[in-house]
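Enquirer: Structure in structure tokens, see below.
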Amino acid sequence: MMTIVKNQSLAEEITQNTFYKAMTAKHTYEGKSSEFTWLCSIAKNLAIDECRKNTKYASFDEASSEVSFDMVDNYEDQDKALQIHLILHELQEPYKEVFQLRVFGELSFHRLELSLVKQRTGQELLITEHVKKSGRNWIMKISCNIIEDLLPLYVDDMVSEDSRQLVEEHLKACPTCRRMQEEIMRENHLTDVKKGSDSVQTNKMEAELLKKIRCKIRKKRIVSVLLAVAIVLAAGGIGHYWYYDKENYISWDEANISVKDGKVYSTVNPLGRMKSILSVDQKNMFYMLSETMWTHKEYPSDSNTENELWNLQDFQEAYERGADTVTDETSFPTGIEHVYYVDPENVKEAFKLWDYQDEPEKAQQKEEELAAKCHLIWSAY
């Protein structure tokens, strides 16, 4: 530093600034050179900047500074040379010899011929140089071991132009390496064919899998549609049942049944609601009133209106009517003796009376049990 600024105190100050700047800018150090070289470069730049802005040292010795700068550059060159030497020292033969002839001897591949000869005893690789007629044309002939390493790259077209020429020159004179080249090319071809076959097989498997998936999706869609139709039909059936078929039986009290002037009245409209069951012996008639949503809507009832259900005189006439008298469907059964009204809790029992039609005594017993639970409307006795 003294050779540049010619001042000890200033040189010491620049040295301190150099280390300070190195600490603050250490993230910019890329490692392309040694740390010493990097510090020298910082010191050199700081010294030049100081001399240019300080008029007191404006007339510094340019030659001295150039010498100092060259010293730094020489150190950098020496550092690189040391690294190259260490790498070259670790390089094995014949690669070390090829490198030296190529770099230091400046011989092209076309002028070099390297011949690796294996001694019968063994393991050493000798490099011999053959001088052609002119004595100056050097041709490199590479050993089979090196060519074997390069062949896969050569076949895949991944070598430089010089390496390509080197391999091709060797292949012209070496049948063993040519056979190896053919084997590598054959293996590559078989690999490509196998990959193609595997790809076709994979495509078939994927197609089959896709077909199965589509079938499953189609089946699910069909099942979904059928399920939706079933739900709609079920909902429609349930709705139809609740509206048209679901019967609610009406009790004696709910119907407000009363007898006046030989007639039976109710506040319930009997249209669409009247049902009857004749006993097995055809002597007892059981009546009931029921309604559905449809009858409730079509034939509404008015609690303030009394509707005539039966005329008791009609029952009496049916009782007294002879067995040979012709009647229609609206007439009461001939020979009827009792008429009853059935409450909802006894309706099922009334409908089961004809289950005993083949057992007269059992049927009569069931009729008597049912009659005891019902409301007597009329009796011939």
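None of the figures in this text is laboratory data; all of them are computed from the coordinates on show. Values in this document were obtained by computation on a predicted structure and should not be read as measured data. Cβ atoms come from the backbone with ideal geometry, glycine included; neighbour counts cover every protein chain shown.
Enquirer: How would you rank 218-228, 249-259, 297-307, highest first, on the average number of other Cβ atoms within 10 Å across their residues?
Expert: Numbers: 218-228: 10.0, 249-259: 16.3, 297-307: 12.2.
Packing order, densest peptide first, comes out as 249-259, 297-307, 218-228.
Enquirer: Mind scanning Lys283/Lys348; Lys275/Lys366; Lys275/Lys373; Lys275/Lys362; Lys260/Lys352 and naming the pairs with a C-alpha gap bigger than 28 Å? If you can, show how the numbers build up before the last one.
Expert: Details: Lys283/Lys348 20 Å; Lys275/Lys366 19 Å; Lys275/Lys373 18 Å; Lys275/Lys362 24 Å; Lys260/Lys352 32 Å.
Lys260/Lys352, as the Cα separations exceed 28 Å there.
Enquirer: I've got another one for you. For a quick protection proxy, order the peptides 351-358, 262-269 by their average other-Cβ count within 10 Å, most packed first. Can you show the working numbers first?
Expert: Working: 351-358: 13.5, 262-269: 18.5.
Descending packing order for the listed peptides: 262-269, 351-358.
Enquirer: Something else: Can you sort Ile14, Ile48 from fewest to most other Cβ atoms within 10 Å of each residue's own Cβ? Mind showing how you got there, number by number?
Expert: Numbers: Ile14 22, Ile48 15.
Lowest count first: Ile48, Ile14.
Enquirer: Using 0.36 nm per residue, how much length does the chain from Lys21 to Ser9 gain when fully extended, once their Cα-Cα distance is taken away? Let's see the in-between values first.
Expert: Details: separation 12, 0.36 × 12 = 4.32 nm, distance 1.82 nm.
Full-extension gain reported as 2.5 nm.
Enquirer: Within 10 Å of each residue's Cβ, count the other Cβ atoms and sort His189, His170, His375 from fewest upward.
Expert: Working: His189 10, His170 21, His375 14.
By the 10 Å Cβ count, ascending, the order reads His189, His375, His170.
Enquirer: Taking the number of other C-beta atoms within 10 Å as the exposure measure, put Thr176, Thr28 in order starting with the fewest. Intermediate values should be presented prior to the final figure.
Expert: Values: Thr176 11, Thr28 8.
Ordered from fewest to most neighbouring Cβ atoms within 10 Å, Thr176, Thr28 come out as Thr28, Thr176.
Enquirer: Next up: If amide H atoms are built 1.01 Å from N in the plane of the peptide, which residues on other chains or at least 5 residues away come under 5 Å of the amide H of Asp343?
Expert: His375
Enquirer: Now a separate question. Quick check: from the Cα gyration tensor, does region 275-381 come out rounded (a/c under 1.5), prolate or oblate?
Expert: Oblate shape, in that a/c is at least 1.5 and b/c is the bigger or equal ratio.
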